[in-house]
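See structure below.
Nothing in this text is a laboratory measurement; each read-out follows from the coordinates by a stated rule. As the structure is a computational prediction, the values presented were derived from the model and not from experiment. Here Cβ is always computed from backbone atoms with ideal geometry, including for glycine, and neighbour counts include all displayed protein chains.
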């Protein structure tokens, strides 16, 4: 630390963390003004965060307050700056507390141990008394900077340097919404024969990792229907049903084998169930949409045929809910009926 550096730091017309970092750079500067403390040392000395310490040091360089000697890299080679000192500590005149320059002793001169280093006997240079004065002045300087920074932060509506735009931590990636997942993954999770429906967010990674190996989602749904009817997957409340992760990574859909008779029975059962749901659930909605003027007779027939080619209950349910939503929108946008005028008696 040099007294000239401390005096220089006090006189700089800057506020906030930059001023605190200047005081720290001055504290660590040698007699030539060279200062290269790492961000951790500056943060420990000033009480700032390491990010704020780096920001303040960069701000001091950009403002021309200190000269960048080397950019450095890492903890072992920190950034070097030079504090613009014109005189070293022993050359500064008029600074209170600066020790006078001692004259060169004559050859063979004898020194008393008490005065040889300007302190008590058996003490190295920088005796406790001198160090106490230095530490007290450092604390006073830092206290002044802290109070000035606090007042400036309270009076100024602008954020401090460490909170400026571009220096904030990167925002955390938000959790994808349900509509952000691939539609085929959502279909697979909805059709998966588990007591509790799997969450697509949990299996998004394995879905992307197996994109090149797995068959189309319709084939996966057919395999699920076959496996769900097997004895292993049905027994004991489906406790033996593997996870979606295992189903995809271990290619368990290849185990879905059935005889021709079983396949015909399964397809026939699904066809009956599908036709019943179309007549009971979808057809009334399509008729209501046609009466509301949303669709024509031709559209009604096309949508009806579209429902008949669905391959799972989940797909049919999604289609029915879609038309119900459109019908509710039509009802909400319909104008109120005009009041009926009553003839005067």
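Numbers below:
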| item | result |
| --- | --- |
| Sorted by Cβ density within 10 Å, fewest first, the residues 219, 297 | 297, 219 |
| Value of relative contact order over the stretch 190-255, rounded to a whole percent, pairs C-alpha under 8 Å and six or more apart | 42 |
| Ascending count of other beta-carbon atoms within 10 Å, so fewest first, for 304, 27 | 304, 27 |
| For the stretch 262-333: rounded, prolate or oblate by the Cα gyration tensor [a/c cutoff 1.5] | prolate |
| Pairs of Cα atoms farther than 15 Å apart, the stretch 190-255, % | 50 |
| Ranked 243, 62, criterion: other C-beta atoms within 10 Å, fewest first | 62, 243 |
| Highest-first arrangement of 305-314, 268-277, 52-61, where packing means the average Cβ count within 10 Å | 52-61, 305-314, 268-277 |
